[in-house]
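This report refers to the structure that appears directly beneath it.
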Amino acid sequence: MKIRKIAAGAVALLMSAALAACGGEKAATDFPEGSTMAKLASDGKITIGTKFDQPLFGLVGPDGKPVGFDVEMGKLIAKKLGIAEDKIEWVETVSQNREPFIQNGQVDIVIATYTINDKRKEVIDFAGPYYTAGQSFLVAKGNKAGIKGIDSVGDNTICTVTGSTSEKNIKEHTDKVITVDKYSDCLEPIRTGQAQALTTDNVILAGLVSQNPDEFEVVDSTFTEEPYGIGLKKGDDEFRTFINDTLDEAYKDGAWKKAWEDTAGKVLPVPEPPAVDRY
């Protein structure tokens with residue numbers, strides 16, 4: 001009897017250690033049968049789309065792995081599913097392919113400075129928002145173009161990313177717009193004079209300036225509100241509720257604040273987390 005007790009105890013310890021090694025808080029049986037959460041927990045892995053060129057939010061580090069605030073949000077969700085960080089597959093997404101990647105099942109979720117809007121909600125769903133940005137302008141240091149805000153764009157040529165909310169917004173104010181694949185691709189046109197400014201969300205611009213402080217600066221004004229959400233497959237209400245619950249918990253227990261301080265907070269002050277929109 002004593003040997004059996006010892007053996008049972010050893011098995012329990014081994015199971016506990018295995019769960020700890022997986023970094024998990026949950027098992028597949030903790031979720032509704034047939035749900036996305038149960039499948040991901042059972043598989044022990046998740047595929048997350050994010051930006052690879054966005055300093056502070058999603059930037060590939062020296063080890064080939066992305067780092068930033070968006071990445072930390074992904075890790076929070078994976079942890080709640082019982083999935084270890086090294087079992088997250090990070091897939092580079094750009095503005096043009098975020099919806100197709102979700103629809104085609106190439107990723108489970110997208111966390112990529114992804115503005116929630118009604119057009120996108122026609123084909124995918126969003127959890128969140130988890131942050132609210134505002135569109136502004138990056139200009140050459142000294143701002144010889146004289147761009148102080150949306151009302152002073154004038155005849156200047158503005159660079160932004162194809163298929164982005166930023167492209168749609170700026171084209172409502174000027175037709176002198178050139179587009180590229182990635183926001184970082186706009187820096188060279190500004191250097192050469194092909195464009196006088198890059199426009200997108202202020203936090204993205206701040207990240208680019210943090211890497212090039214002697215060349216560029218961000219205009220101190222915004223002209224939109226950009227709620228960042230987590231994209232997932234259309235109609236998966238259980239999964240969306242799970243992610244929203246995870247965000248709410250992270251707001252309350254300090255995990256969201258710590259994620260900000262460890263990433264974007266190295267350049268930007270800690271904002272108030274936005275209220276989750278459970279539409």
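The values are calculated or read from the model by the stated rules, or taken from the named source; none is laboratory data. As the structure is a computational prediction, the values presented were derived from the model and not from experiment. Using ideal geometry, Cβ is built from the backbone for each residue, glycine included, and neighbour counts are taken over all protein chains shown.
A few points about this structure:
- Yes/no for residue 240 being of a type in the set (Lys, Arg) and within 25 Å of the chain's Cα centre (by Cα): yes
- Selection within the range 165-180: residues that are touching a strand residue (DSSP E or B) at 6+ places or on another chain (Cβ under 7 Å) and in a loop (DSSP other than H, G, I, E, B). The member of this set that is nearest to residue 113 (Cα to Cα) is 171.
- Of residues in the range 129-158 being within 26 Å of the chain's Cα centre (by Cα) and in a loop (DSSP other than H, G, I, E, B), the one farthest from residue 57 (Cα to Cα): 149
- Listed by position, the helices (runs of 4 or more DSSP H) enclosed by the range 1-82 that each have at least 1 residues that are modelled with pLDDT of 95 or more are 36-43, 69-80.
- Count of the range 123-163 residues, restricted to those that are surrounded by fewer than 22 Cβ atoms within 10 Å (Cβ to Cβ), closer than 19 Å to residue 93 by Cα and not assigned by TED's automatic domain parsing to the domain that holds residue 99, is 2.
- Test: residue 257 is under 20 Å from residue 59 (Cα atoms), without any contact (Cβ under 8 Å) to a residue 60 or more places away in the chain and either basic (Lys, Arg) or buried (at least 18 other Cβ atoms within 10 Å of the Cβ) (or both): yes
- Check on residue 221, surrounded by 15 or more Cβ atoms within 10 Å (Cβ to Cβ), assigned to a strand (DSSP E or B) and among the small types (Gly, Ala, Ser): no
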